[in-house]
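The values are calculated or read from the model by the stated rules, or taken from the named source; none is laboratory data. Keep in mind it's a predicted model, so treat the numbers as computed, not measured. Using ideal geometry, Cβ is built from the backbone for each residue, glycine included, and neighbour counts are taken over all protein chains shown. With ligands, DNA and RNA removed, areas are computed over all heavy atoms of the protein, side chains included. Shrake-Rupley method; radii C 1.70, N 1.55, O 1.52, S 1.80 Å.
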Amino acid sequence: MAFDLLGIGTTGVLSHQKMLQTTSNNIVNVNSAGYVREKTVLYTNSIGYGVGESVTSRVINQYILGEYRRDTSALGYANGRYDQLSYVDSLVSDSSNSVGNTIMSYFNGIHSANESPSELAARTRLLSEMDTMVSRYHTLAGKLEDQTTSINNRLTDGVKKINGYISSINELNESILKTRGTEEENLMLYDQRDEAIRQLSEMMDIRTVDQGNGAVSVNLANGQSLVLAGTYAQLAVTTGDPDTKQTQLQWKLGTSTTNVDTDNVGGTLGGLYQARKDLEPAKRQLGQLAVAMADSMNQQNKMGMDLDNEIGSDLFSISSSSALAYQKNTGTPSGTVNFVAGKGGEVTTYDYEVHFSSATGYEVFSVDADGNATSVLTGSTPPATFEVPGHGIELTLGGSPASGDKLLFQPTKESAVQLKKVITRGEDLALAAPLKTDKNSQNLGNGVISLNGIYNTSTGSGFSGNSLSATAPQIVKINASGDYEVYQSNGTTLIGTAAASTKGQNLMANLENPAGSGTKVYTDPTQSPGYEFSITGQVKENDSFSLGYNSNGFADNYNGLLMADLQTQDLVRKPSSSTSDDKMTFSEAYTAMVVDIGNKTSSAKTSVAAATAKLEQSSGIFESTAGVNLEEEAANLIRYQQAYSASAQVVSTAKSLFDTLLSSVR
């Protein structure tokens, strides 16, 4: 009996000693990263009395663990995206970076110059405002590009971390397989591996599969393997195709390599890729604004006369940009894109792809921010240069393309950086009208002649250099029927007649030759002669009116006022528009860009809050099972200590009985 008691007590002491060790281990590791609570389970001896086998295992629910990892990935994605967008949002919202503010200051400068159009001081201040505005475009565009570079650097650093986690998981798999059977050591390795997987799940959306032998395989959510039995993949950041700054993610396992779909990679890495994608439209919106503003100002300045008695020239320039060739091209196509003068309002924020069906045949596609392609033009070369109708751009193709080759054009992506001021003197601001109108002092009627508008001062117009052509409409006479006869500068060569019924309105559009025939002299007065005028009031027979080049009209601000009016005109094409409302002002365009970024940032912030709440929920559930509860462990410590003491007392009792037995036979 004493021997039986000794065996029973000994198994109890050893078993409860193990339980005390397990509880103590839980307590001291309460703050250890990745530690999972351990539990020792005792089983009765299958042969005889006492405690038999004792098994120590981790207390963990694999389903909850999987949910915890997925929620970790979701929060990593939300934080990765929000951190970048919040910076960009604060950047464009800051008044010190606001292009909108400098545009407003620029137009205030135009108003000031209009108050004293002949004074150089006001013109010089306007030049300074132009410099400030161009500089602000460059600064903001540069900061947006710097943010892309920063994101790319973070992606590179993130991939290095990911490769380290993948390698660690593989090494821990191998260690677990090698030490299988040494239970306590395996538990530590399981914890280390789960922590490495958790850190990996923060960077990417992953899935794990238990291999049944202690090892686990790790896959991306799309199924691509990261860790397999005895091997593992590595990721790399590669240059974009064809835009090298749009870096891609490459997967490599053994000799196999392929690109990873970054739209679905998840985790912090996926959030960074999405933030970079969110940033791209802002660059194009800023570039589109620069193009529309520069083109409208250029066109209007060319409708006026400067302080040198010359027709105005361009105020701004935006250089052409080169096409990007895809790496898989078998030929050597090349190309450039320019903006068509006078069509800045047609320019979109789209990129454009040219697909070659042969060495000469091509199709042009517009590509929106989501990558959706729409065919806009098909053709063949020559000619090598052609306009894309309705888009305000002109493409030039070159090189030796082959069937299947592609080129990518990004017209507005760098337009804000390329914007330049091309005038250097205040005298070059064409604030005056190039035409002056007058009435004969001997007129009997009270009719007054006035300009309706100047539309073209270059090729095909009535302007010849810096003067009005002698053959252009310059004299208006009222005949006996009250008709308006328009003559060349000699006053005898009739150009055409507008019927009295027109009441002198839009004379260029109403001129007929011969009179009453219905045959218009000018099919499009906005091109030839390039100007329009009207006579209002009562006219009498033999009244006459004249038009001439506005030499020395320095006090005139006719064209300057039209420049100022551009501020409130809808001149920028909306990203998505109806036929009745497809344009917006410069201020509205910049505000739309700021609001677009703000909306994305707000959405990202909401996603962070939602993902945080979800992770807190799943983390709480996970910790309720796998986490260490100090109160519970303290209670277990007392309970197991008492059981240990009681088992030791059994051993002591067995010893006393054995001693009594020995003393009885002496």
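Ordering Leu85, Ala648, Ala402 by Cα displacement along the dipole of the chain toward the positive end leaves Ala648 in first place; charges were set at the Cβ atoms of Lys, Arg (+1) and Asp, Glu (-1). From the coordinates of this entry, P(r) over Cα pairs in 20 Å bins from 0, in percent is computed, and it appears in (i) 10, 22, 36, 27, 4, 1, 0; (ii) 14, 30, 24, 15, 10, 5, 2, 0, 0; (iii) 17, 51, 28, 4, 0 under the label (ii).
Counting only Cβ charges, +1 for Lys and Arg and -1 for Asp and Glu, the dipole size of the range 541-666 around its Cα centre is about 1400 debye.
Classify the range 259-378: rounded, prolate or oblate, from the alpha-carbon gyration tensor (a ≥ b ≥ c, eigenvalue square roots; a/c under 1.5 rounded; otherwise prolate if a/b is larger than b/c)? Don't skip to the end; give the middle numbers.
On the way: a/c = 3.04, a/b = 1.65, b/c = 1.84.
Oblate shape, in that a/c is at least 1.5 and b/c is the bigger or equal ratio.
Taking 0.36 nm per residue of sequence separation and removing the Cα-Cα distance, the Leu253/Thr156 pair yields an extension gain of 33.0 nm.
Here the peptides 452-458, 107-113 are ranked by packing, the mean other Cβ count within 10 Å, and the order with the highest first is 107-113, 452-458. Each of Gln442 and Ala369 was given a label point 7 Å from its Cα along the Cα-to-Cβ line. The distance between the two points is 6.7 nm. In the calculated pair-distance distribution of the range 513-666, the portion above 19 angstrom amounts to 83 percent of the Cα-Cα pairs.
Determine the share of the chain's accessible area contributed by carbon and sulfur atoms, expressed in whole percent, with a 1.4 angstrom probe. Walk me through the numbers before you get to the answer.
Values: 15150 of 30660 Å².
The value for the chain is 49 percent carbon and sulfur by accessible area.
Using a ≥ b ≥ c from the Cα gyration tensor of the range 233-283 (square roots of the eigenvalues), is it rounded, prolate or oblate, where a/c under 1.5 gives rounded and otherwise the larger of a/b and b/c decides, a/b for prolate? Because a/c hits 1.5 or more and a/b fails to exceed b/c, the range 233-283 counts as oblate.
Within 10 Å, count the other beta carbons around each residue, average over each peptide in 266-277, 463-474, 76-87, and list them highest first. Working shown, then result.
On the way: 266-277: 25.2, 463-474: 17.4, 76-87: 22.9.
Highest to lowest by the protection proxy: 266-277, 76-87, 463-474.
For Leu14 and Lys245, the FRET efficiency from 1/(1 + (r/R0)^6), where r spans their Cβ atoms and R0 equals 60 Å, is about 0.35.
In whole angstrom, how long is each semi-axis of the equivalent ellipsoid of the range 415-546, when you take the square root of 5 times every eigenvalue of its Cα gyration tensor and sort them from largest down? It would help to have the intermediate numbers written out before the result.
On the way: eigenvalues 199, 56, 34 Å².
Those come to 32, 17, 13 Å.
Using a 1.4 Å probe, what is the accessible area per residue for the chain, in Å²?
Working: 30660 Å² over 666 residues.
Solvent-accessible surface per residue comes out at 46 Å².
Of the GluC sites (Glu not before Pro) found in the range 116-193, the ones in coil according to DSSP and having at most 16 other Cβ atoms within 10 Å of their Cβ are Glu119.
When only DSSP loop residues count, what trypsin sites (Lys or Arg not before Pro) in the range 321-424 have their Cβ near at most 13 other Cβ atoms within 10 Å?
Listed in order of number, the matching sites are Lys328.
Here the range 17-93 is described by how far its Cα atoms reach on the three principal axes: 80, 26, 8 Å, from widest to narrowest. When only alpha carbons are used to place a centre, the range 190-268 and the range 1-39 end up 39 Å from one another.
What GluC sites (Glu not before Pro) does the range 369-469 have in DSSP loop regions with at most 16 other beta carbons within 10 Å?
Numbers: sites: Glu387, Glu394, Glu414, Glu427; in loops: Glu414.
Listed in order of number, the matching sites amount to none.
In the range 285-390, taking the dipole from charged Cβ atoms about the Cα centre, the farthest positive-side position among Gln300, Tyr362, Thr374 is held by Tyr362. With 31 Å as the limit on Cα-Cα distance, the pairs of Lys18/Lys178; Lys283/Lys605; Lys252/Lys614; Lys39/Lys605; Lys413/Lys605; Lys245/Lys600 that go past it are Lys252/Lys614; Lys39/Lys605.
With a/c under 1.5 counting as rounded, go ahead and sort the range 188-251 into rounded, prolate or oblate using the C-alpha gyration tensor (a ≥ b ≥ c being the square roots of the eigenvalues; past the cut-off, prolate if a/b is larger than b/c, else oblate). Please list the in-between numbers first.
Numbers: a/c = 2.96, a/b = 2.26, b/c = 1.31.
In terms of gyration-tensor shape, prolate.
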